[in-house]
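The values are calculated or read from the model by the stated rules, or taken from the named source; none is laboratory data. All of these numbers come straight from a predicted model, not from anything done at the bench. Ideal geometry is used to build each Cβ from the backbone, glycine not excepted, and the neighbour counts take in all protein chains shown. In case anyone asks, the SASA skips ligands and DNA or RNA and just uses the protein heavy atoms, side chains included. Shrake-Rupley method; radii C 1.70, N 1.55, O 1.52, S 1.80 Å.
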Amino acid sequence: MSAISGNGHARRLTINEDAQAMIDVARAEGIETVWDRLAAQEPQCGYCALGLSCRNCAMGPCRIDPFGEGPQKGVCGAGADVIVARNLGRTIAAGSSSHSDHGRDILEAFRALAHGETTGYRIADVDKMKRLAEEVGVATEGRTTEEVAADLADVLLEDYGTRRGSLSFVARVPEVRRAKWDSVGITPRGVDRENVEMLHRTHMGVDNDYVNTLLHGLRTGLSDGWGGSMIATELSDVMFGTPTPVMSEINLGVLRTDQVNIAMHGHNPMLSDVVVAAAQDPELVELARSFGATGINIVGLCCTGNELLMRRGVPMAGNHLMQELVLVTGALEAMVVDYQCIMPSVVDVAKCYHTKIISTADKAKFTGATHVSFDPMHGAEIARDIVRMAVEAYPDRNHERVRIPVKPVRMMGGFSVEAILGALGGTPKPLVDAIAAGTIRGAVAVVGCNNPKLPQDLEHIELTRRLIENDILVLVTGCAAVANGKAGQMLPESAAMAGPGLRSVCEALGIPPVLHMGSCVDNSRIMVLAAALADFLGVDIDQLPLAGAAPEWYSEKAVAIGAYVVASGVTTVLGVQPPVFGSPHVVELLAGGLDGVVGAKFAVEPDPARAALLIRRHIEAKREGLGLPFVEVGADEAADVSTEAPLGAGSKA
Ligand code: SF4
Ligand code: MSK
């Protein structure tokens, strides 16, 4: 039974009407959700929340008393600084490894494709593949596509090891930044190397200097951002197509009462892309019809949904905190999962309905789910088997329990770097000119997850709205993108929500003021765009009027992203406090000292209005540094900010 009670409780948990309706249904039917489990966990461990607990060895577990009355050292002698830094380092390594292993899976499939060993895949963007090959030194003249692809795959596979001095895509980084990285010893070498080295350093008795550990944390993050994630993004574009602007629909309203509904959840487009193709197989569509359905409806969830939306316009059911609620609609025949951000609880919720949970990655099994081992060598056949299983579940649907609470909202996605530059006429110059003139003040990447500790999507929406109202272009990925889509902020006509400068640019180009750049690995696209702008201007990335924000982050991957974004020179504001506050020294380094090392730092600001203010001040300071017209973002505005009116339409931060 639900642990949360009281009238209107759903409205305190999420700003979205579809989620509120489904939370109420779950509560009425005694179905436990993420919010119930969070309530049951409270109060959560204070030592862990501060980063002050360690279980890295069997002399422990140990904890440090933050009030100075209890133990100040672990059994080995590690104090607060070392323990907090080690914990953060391991978190970065876990996040970086997750993205990078995803990248390796794509890369191995790409290599198999190049050797003619897969079914259901093709090289969709041959031009991009050739550009990448030339970029990393693979000859393309007079060679077949497959020969070039095979060599490109081998070069990128080497990026996972240590055979060259630095990763291939580090060459994309402005020279001045690379020199900075070299001078502090954080240029990323092999992807695996940095992650393994972080695990080594954080073993008992290895790296016992918190500054040294955290610098390697930046390097580990960089191996993700300019390595594993970038490889995932680039090769996904090659295999599935480089996104171009596309219209789609979003929220639980994308489910169909009259069709077989299949939700694709996770991160890797390798599976979801072939499932989309299989859903159009005439034989399977006919099978669905024979059961009384009018067709097969594929919808996305989280980042695999973003991959499908960006390239195919596949409708999106929701972000992280919707994964249980989409099951509560009673309208899903199958939730097909690959890996990352998939709550084990979906198996339990699905048991209340006819829905099949189909796991597909051998490295990500779910007890109680149906496992279909996915192998790209037989991608097309396996995808058809999966779709067939979903179709065959349709007769078991209880139509009286189907509740689809809202109509879908329209949205536009598909803003790869190539698409953005294409819209600008093939060069960053119009964007640079607009920034220089002050028509656009700067750009902010608003990225990351949902976290049940915050009202779902409130921070994403409120922060983004305050930024675009003040002529700041917002780039979104992951669950932040889904939040903005649901709120109707990603339509060309939502340019009307922007300040006059940004509005005029968006209207001229026919684009929204909030640009969907993809899934969480696709934050690499934002790095590429930042590097292109810096190169165009002949400056370092940290001089640009840019910022990052992760208002509702929860995952280790988000910490890795934060590490590489800051190490790349982009100051980042977090909406959820990371577990580092047990060490004032670590906090001082992350929120202050790093600025002197990489020209960027972290801030934590849970109030989106204050976060917007902080970011605007930062952007205006960067403008001043570049000699561009700037405005003082006054202290008087601080008194004006409030989150009392959650969505604050029309209010200025
Ligand atoms: Fe305790 Fe040190 Fe072992 Fe950590 S590494 S559990 S602080 S003894
Ligand atoms: S899915 S990492 S909750 S963005 Fe990429 Fe969303 Fe965060 Fe997962």
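Tabulated data
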quantity: Residue in the stretch 83-95 that is open to solvent by 20 Å² or more (accessible area, probe 1.4 Å) and either within 16 Å of ligand 2 (Cβ to nearest atom) or at pLDDT below 95 (or both) present; calculated: yes
quantity: In the stretch 31-78, the residues that are more than 30 Å from Gln456 (Cβ to Cβ), aliphatic (A, V, I, L, M) and more than 7 Å from ligand 1 (Cβ to nearest atom); calculated: Ala58, Ile64
quantity: Inter-residue pairs, beta-carbon under 9 Å, first without any contact (Cβ under 8 Å) to a residue 24 or more places away in the chain and surrounded by 15 or more Cβ atoms within 10 Å (Cβ to Cβ) and in the stretch 177-196, second assigned to a helix (DSSP H, G or I) and not aromatic (Phe, Trp, Tyr), 6+ apart; calculated: Arg178/Val170; Arg178/Ala171; Val196/Ala93
quantity: Lys73, sole failed condition from (1) in a helix (DSSP H, G or I); (2) in contact with a strand residue (DSSP E or B) (Cβ under 9 Å, 6 or more places away or on another chain); (3) open to solvent by 40 Å² or more (accessible area, probe 1.4 Å); calculated: (1)
quantity: Pairs where the first residue, in the stretch 262-273, is modelled with pLDDT under 95 and the second is surrounded by fewer than 24 Cβ atoms within 10 Å (Cβ to Cβ) and among the basic types (Lys, Arg), C-beta under 9 Å, 6+ apart; calculated: Asp273/Arg312
quantity: From Val641, Val631, residue being modelled with pLDDT under 95 and open to solvent by 40 Å² or more (accessible area, probe 1.4 Å); calculated: Val631
quantity: Test: residue in the stretch 517-533 that is assigned to a loop (DSSP other than H, G, I, E, B) and either of a type in the set (Ser, Thr, Tyr) or within 16 Å of ligand 1 (Cβ to nearest atom) (or both); calculated: yes
quantity: Matching option when the condition is within 16 Å of ligand 2 (Cβ to nearest atom) and open to solvent by less than 10 Å² (accessible area, probe 1.4 Å), among Gly413, Gly499, Gly442, Gly448; calculated: Gly413
quantity: Ala364 assigned to a loop (DSSP other than H, G, I, E, B) and open to solvent by less than 20 Å² (accessible area, probe 1.4 Å); calculated: yes
quantity: Members of the stretch 575-611 that are within 16 Å of ligand 2 (Cβ to nearest atom) and farther than 21 Å from Asp81 by Cα; calculated: Gly575
quantity: Residue within the stretch 504-514 that is within 27 Å of His320 (Cβ to Cβ) and open to solvent by 10 Å² or more (accessible area, probe 1.4 Å) present; calculated: yes
quantity: Pairs where the first residue, in the stretch 33-50, is under 22 Å from Asp81 (Cα atoms) and the second is at pLDDT 95 or above and open to solvent by 70 Å² or more (accessible area, probe 1.4 Å), C-beta under 6 Å, 6+ apart; calculated: Tyr47/Arg63; Leu50/Phe581
quantity: Pair list, Cβ < 8 Å and 6+ apart or interchain, from the stretch 207-221 residues that are farther than 19 Å from Asp182 by Cβ to residues that are among the charged types (D, E, K, R) and in a loop (DSSP other than H, G, I, E, B); calculated: Thr213/Asp207
quantity: Selection status of Ile92, on the phi < 0 side of the Ramachandran plot, of a type in the set (Val, Ile, Thr), in contact (Cβ under 8 Å) with a residue 12 or more places away in the chain and away from ligand 1 (no atom under 16 Å from the Cβ); calculated: yes
quantity: Residue in the stretch 159-170 that is free of Cβ contacts under 8 Å to residues at least 24 places away in the same chain, in contact with a helix residue (DSSP H, G or I) (Cβ under 9 Å, 6 or more places away or on another chain) and either of a type in the set (Phe, Trp, Tyr) or outside any loop (DSSP other than H, G, I, E, B) (or both) present; calculated: no
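Residue-by-condition table, conditions (1) modelled with pLDDT of 95 or more; (2) at positive phi; (3) not β-branched (Val, Ile, Thr):
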position: Val446; (1), (2), (3): yes, no, no
position: Glu462; (1), (2), (3): yes, no, yes
position: Gly478; (1), (2), (3): yes, yes, yes
position: Asn484; (1), (2), (3): yes, no, yes
position: Gly488; (1), (2), (3): yes, yes, yes
position: Pro492; (1), (2), (3): yes, no, yes
position: Gly499; (1), (2), (3): yes, no, yes
position: Pro512; (1), (2), (3): yes, no, yes
position: Ala534; (1), (2), (3): yes, no, yes
